[in-house]
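Worksheet for the structure shown next.
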Amino acid sequence: MNESTNTTEVVHAQGHENVSAAHASTFEVTTDDYLTPAGDCILGIEADRAPADFAEEFVAACQHADATITAHFETEEYVETVVGRGHPDLTFESDRSAVGRTSDYVDDRTILVGAEFAAEGFDRDLVAALADGADLTVTLTVERE
């Protein structure tokens with residue numbers, strides 16, 4: 001019998017009037033309670049959890065190069081899904097921000113690398129809803145073949 005592992009993490013965040021989703025290589029959700037126009041990768045603020053809060057089993061599963069990590073972004077009306085992959089150097093130590101990257105760069109905020117697209121690739125209707133302050137639920141799922 002297989003032991004169950006926590007392969008999903010859920011983060012609840014809030015949109016903000018300065019959500020522009022214009023960044024070409026990253027997307028981010030932050031626990032910060034503010035957003036300046038310069039934060040063009042940020043999709044949600046006031047996140048109720050950060051990578052440092054994620055279960056050890058989830059983190060361990062993400063630390064494999066063959067792991068597929070799916071980030072599912074959902075508001076009341078819109079859904080967007082971004083697929084990336086794990087990396088052995090992922091630490092999930094940030095207590096502030098969760099960042100997905102199209103590159104292979106890893107720091108303590110990185111939750112996935114090799115993303116299909118970054119903030120600029122998100123559906124503009126979803127971005128507009130977030131700019132209007134919509135509630136955002138981000139579900140991260142990790143799978144290994």
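Rule-based calculations on the coordinates, nothing more; no lab input. Remember, it's a predicted structure, so these values are computed and weren't measured experimentally. Because the Cβ atoms are built from the backbone with ideal geometry, glycine has one as well, and the counts that use them run over all protein chains shown.
For chymotrypsin sites (Phe, Trp or Tyr not before Pro), the sites in the stretch 30-123 that DSSP calls loop and that have at most 13 other Cβ atoms within 10 Å are 34, 105. What list do you get for 41, 62 if you sort them by fewest beta carbons within 10 Å? So the ranking, lowest neighbour count to highest, is 41, 62. Relative contact order of the stretch 8-144, taken over Cα pairs closer than 8 Å and 6 or more residues apart, is 36 percent. Put a plus charge on the Cβ of each Lys and Arg, a minus charge on the Cβ of each Asp and Glu, and nothing anywhere else: the dipole of the chain about its Cα centre is then about 320 debye.
Result for the chain in a Gaussian network model with C-alpha springs under 10 Å: among 76, 46, 116, the largest mean-square fluctuation is at 76. The residues neighbouring residue 68, those whose beta-carbon lies less than 10 Å from its own, together hold a net charge of -1 under the Lys/Arg +1, Asp/Glu -1 convention.
From the alpha carbon centroid of the stretch 30-49 to that of the stretch 64-111 is 15 Å.
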